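A short write-up of the structure that comes next.
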Amino acid sequence: MRRARTLLLLPLVPLAGCRGAQHALDPVSGEAAFISNLSWLLYGGATLIFVTVMALAAYAIFGPRGHNPLAHRGLIIGGGIVFPVVTLTALMIYAFVGAPNLLLRGEPELRIEVTGEQFWWRVRYLDAQGKAQFETANEIVIPEGITVAFHLRTADVIHSFWVPNLHGKLDMIPGHPKTMHVHAERTGQYRGQCAEYCGTQHAKMAFVVEVVAADVFEQWRRAQSNEARAPDTPLLQRGREVFLTSGCATCHTVRGTSMNGTLGPDLTHVGSRRTIGAGLLPNGIGALGGWIADSQALKPGNRMPAFNSLPAADLHAVAAYMASLE
Ligand code: CUA
């Protein structure tokens, strides 16, 4: 009996896994709310139909022999034809009526271009003319209560942009840029994840969308628009020199300096990010040092070569310089 009860509870386990900051059934936007409501309707309806059909099957098998009331012609036509047609038609109408919730709404008040790359997210905040104001990576900050357009594209293979609390998933297909509108109504941090297999590190291609109050967003936007902080101690100055002479600038930009590579993430304010490696490690000098020394051991197959020949003192200096770029 206890085992049977445990088995009955098993289907609930996947729901428990959805808890937290990445949760399709905890919508914070109208878009996600429609998806969540539709999901509950389908779960509820499917459960009701499943239980009814199983009960009828049990009655047919274990019920009294002889004349079976289930063999009635009306029940076969009603349950087998009329009921599915009516139910599926109603569901189709509900989906058609609700679908505009998922489409683009009017003129967005903020435009952000997100490019999927193996295996991280390039994030550019655009002005009204579509020109990039500044660039960051893997962490997107948006204000609550306004319509934000995410212009989605890919630099290489197919990725998929998915923040379950905010919207459904949208594939980033080479040559086919797409736009998603989100109107977030509650502040908080919501985790996103690449939802289309894109190579060895697909699973470790995460990001965060942080929804904040309008004034907090303005403050953040101003800070991110600034050029990088100049190093003000010998250690940080040494760090910048190592960065310049070790080839880091081939791939990375630090705005306000001569370092302007564009293959990898813009590092102008890397010290202000919560994580490095697209959600891989909490940010800090230790994690930055480990990543620079051997990112291939931490995230095999990512595009950054290991810099394990750097002397320890130089590694420390460059990691400290990165951490200082807030
Ligand atoms: Cu990018 Cu999976």
### Summary
Filtering region 272-282 for residues that are under 21 Å from R124 (Cα atoms) and either in contact with a strand residue (DSSP E or B) (Cβ under 7 Å, 6 or more places away or on another chain) or surrounded by fewer than 20 Cβ atoms within 10 Å (Cβ to Cβ) (or both) leaves a count of 6
### Query
What is the number of the single condition among (1) more than 18 Å from R124 (Cβ to Cβ); (2) surrounded by fewer than 18 Cβ atoms within 10 Å (Cβ to Cβ) that R221 does not meet?
(1)
### Query
Looking at (1) closer than 23 Å to F161 by Cβ; (2) among the hydrophobic types (A, V, I, L, M, F, W, C); (3) surrounded by fewer than 17 Cβ atoms within 10 Å (Cβ to Cβ); (4) touching a residue at least 40 places away in the same chain (Cβ under 8 Å), which is the one condition that is false for L235?
(1)
### Message
Cβ contacts < 9 Å: first residue surrounded by fewer than 18 Cβ atoms within 10 Å (Cβ to Cβ), restricted to region 306-326; second residue part of a helix (DSSP H, G or I) and among the hydroxyl-bearing types (S, T, Y), any location; separation 6+ or different chain. Result?
### Response
A306/S295; E326/S272
### Query
When you look at R65, is it under 30 Å from I146 (Cβ atoms) and not in a helix (DSSP H, G or I), yes or no?
no
### Task
Name the strands (runs of 3 or more DSSP E) wholly inside region 93-149 in which the number of residues that are touching a His at 6+ places or on another chain (Cβ under 8 Å) is 2 or more.
110-117
## Note on the structure
The correct count of residues that are within 27 Å of L280 (Cβ to Cβ), aliphatic (A, V, I, L, M) and in contact (Cβ under 8 Å) with a residue 24 or more places away in the chain in region 127-146 is 4
### Those residues of region 67-84 which are surrounded by 10 or more Cβ atoms within 10 Å (Cβ to Cβ) and aliphatic (A, V, I, L, M), in sequence order
L70, L75, I76, I77, I81, V82
### Message
For region 230-269: of the residues being assigned to a helix (DSSP H, G or I) and either in contact with a His (Cβ under 9 Å, 6 or more places away or on another chain) or charged (D, E, K, R) (or both), which is nearest to R303 (Cα to Cα)?
### Response
F243
#### Entry: Residues of region 120-136 satisfying the condition of being among the hydrophobic types (A, V, I, L, M, F, W, C), modelled with pLDDT of 95 or more and either over 25 Å from G188 (Cβ atoms) or within 16 Å of the ligand (Cβ to nearest atom) (or both)
W120, W121, V123
### Query
Which residues, taken from region 270-321, are of a type in the set (F, W, Y), in a helix (DSSP H, G or I) and out of contact with any Pro (no Cβ under 8 Å at 6 or more places or on another chain)?
W291
### Query
Residues of region 284-315 being in contact with a Lys or Arg (Cβ under 9 Å, 6 or more places away or on another chain) and more than 20 Å from G264 (Cα to Cα), which ones?
A313, D314
### Task
Go through the residues of region 86-109 one by one and say whether even a single one is within 16 Å of the ligand (Cβ to nearest atom) and either among the hydrophobic types (A, V, I, L, M, F, W, C) or modelled with pLDDT under 95 (or both).
no
### Query
Taking into account only those residues within region 150-162 that are assigned to a strand (DSSP E or B) and hydrophobic (A, V, I, L, M, F, W, C), which is nearest to the ligand (Cβ to nearest atom)?
F161
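The values are calculated or read from the model by the stated rules, or taken from the named source; none is laboratory data. Since this is a predicted model, take the numbers as computed values, not measurements. When we count neighbours, we look across all protein chains shown, and the Cβ atoms used for this are built from the backbone with ideal geometry, even at glycine.
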